[in-house]
Amino acid sequence: MSATVGYLQSYADKTKWQPSSEAKEATRKTLTNSEWADGLRGIAAIYVMLSHMTLAFARYIVAPNTGMNQPSFWMQRPILRLVGQGPAWVACFIILSGFVNSLRPIKLARQGQVETALSNLAVSSFRRSFRLFLPALTATVGSWFICQLGAYKVARESDAYWLAVTSPQPSASIGIAIDDLIRAVRGTWMFDPSNDYDQPQWALLYLLLGSMICFTSLLVLINMRTRFRVGALTILWLWSWNWDVKMRSPMVAMGIYTGILLAELHHSDIPLRLARFSPIYTPPLLLLSLILMSFPAEYQKQAPWSSYLLDLHMKFFGPLVVEDRAWPAVGSGLLCFTIVMSPHMRKLLSQRYLLWLGKISFPLYLLHGSFMRSILAWMLFANQSKIEIEQKNGDQTYVVMKYPLPPPITYVIVMPIFFGVLGYATHLWANKVEPHFGVITKHAEAIMFGKKDVARQTPLPVARQD
């Protein structure tokens, strides 16, 4: 890397184009700003929601084309099909978790404040557990409550696949309902996680696991000099592929170590030294990352581009690495690397509206499923009559009565209203509900850490403070 940087710098010195001192200072400020992570997190949350809408209303996007050696619809092609690529955006969440959780400790370690970094890691790991568990518990209880009231009935009886299969029935009695709630809360945090009342919460266990991998790894490595710490992290990154295979996880360890290494890169001078070349290397890296993220979860051999990537997968990763996770995870890592190396991408992702999306990203992740299965289902299907629809189960075909998918004009009318309602609800959650989780976490920290004055301080900030 150092040889490459030196070559590019010597080449630039021979050219007439030299950035002004003002431009250099602006670039330096941009490259010290990590707000882009909030912007990307907001985009990832939107795309996770869109992937569930794809599974509900446009399942044809899952395949890369209409059949073996058949043409592709526009939305089945690389990059455009990212609306249905949930695994790629979950991988982004995991990488950003490693990046954000390691930013401050690595900065302190590079400044020689190792003791402060160790203290920060201990407190952060404690807070992280509470800040994942409390919102998830609240969302599950809310979903469970409206389910018992019959709010998911229309969705369960519709022909929208994802809505139908993720909408549970009300429990037979109060006792059974309480038992179902306990089972859902417990199942969220068990390996092979499942939550009948909020299916997207399956990823929370892996986010918590990834955070613990991040914190424990840095506790061991934070005393090392930078070059040796980066070397050790690189070895762990290579080793983590085997861990993910054994844990059957969605590339959690690999994603976390990718995020930590990107935090090291963020605090180095490499992005600044190569910033003048950003217009040259950013477009091809961005294009490649989005294509890799577009790798389909099924029917990979049907299209030439996905078949080629599948062959490369078997050659480099082997059959043990999950096919639908490896390339999306690599593509997500390459996307984040491109952003770290590009002041233009960082500035773009630090826009005010994207930062707002980042602020509501976790509430959006928690609430969109319940809102889709209740409010959206009512808006789309409430005025329709059930019709006979053929369904297949293996070799058997049977007829069921379901609400059919509405015509396109209905989506055009309904979706903007739904997005407005959901956006307002997530904004209220972020501003009215999240602060209470901060207060609870502060009180727990005061009790368990023996800090008498901690509970009297201001609540934990909703936004990240670097």
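Every read-out reported here was derived from the displayed coordinates using simple, explicitly stated rules and does not represent laboratory data. Because the structure is a prediction, the values reported are computed rather than measured. Ideal geometry is used to build each Cβ from the backbone, glycine not excepted, and the neighbour counts take in all protein chains shown.
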(request) Would you please put 219-227, 349-357 in order of how densely packed they are, using the mean number of other Cβ atoms within 10 angstrom per residue and starting with the highest? (result) 349-357, 219-227
(request) Would you please put 276-284, 439-447 in order of how densely packed they are, using the mean number of other Cβ atoms within 10 angstrom per residue and starting with the highest? (result) 439-447, 276-284
(message) Greater than 26 Å separation of Cα atoms is the criterion. Which listed pairs, 301/392; 107/347; 107/315; 107/442, meet it?
(response) 107/315
(message) To test your reading of the geometry: what angle, between 0 and 90 degrees and rounded to tens, separates the Cα axis of helix 21-31 from the longest principal axis of the chain?
(response) 50 degrees
(request) Give the angle, between 0 and 90 degrees and rounded to the nearest 10, that separates the Cα long axis of helix 278-293 from the longest principal axis of the Cα atoms of the chain. (result) 30 degrees
(request) Mind running the shape call on segment 27-121? Use the C-alpha gyration tensor, a ≥ b ≥ c as the square roots of the eigenvalues: rounded below 1.5 for a/c, prolate if a/b tops b/c, oblate otherwise. (result) prolate
(request) Calculate how steeply helix 434-449 sits against the longest principal axis of the alpha-carbon atoms of the chain, using the helix alpha-carbon long axis, and give the answer as 0 to 90 degrees to the nearest 10. (result) 60 degrees
(request) Would you tally the net charge around residue 438, using a Cβ to Cβ cut-off of less than 10 Å, leaving residue 438 out, and scoring K and R as +1, D and E as -1? (result) +2
(request) Provide the net charge surrounding residue 125, with neighbours chosen by a C-beta distance below 14 Å and charges set as Lys +1, Arg +1, Asp -1, Glu -1. (result) +3
(message) For volume of the Cα convex hull per residue in Å³, one of (1) 300; (2) 185; (3) 139 was computed from the structure I shared and the rest are decoys. Which label?
(response) (2)
(message) Suppose every Lys and Arg Cβ carries +1 and every Asp and Glu Cβ carries -1, with no other charges. What dipole size does the chain come out with about its Cα centre, to the nearest 20 debye?
(response) 1300 debye
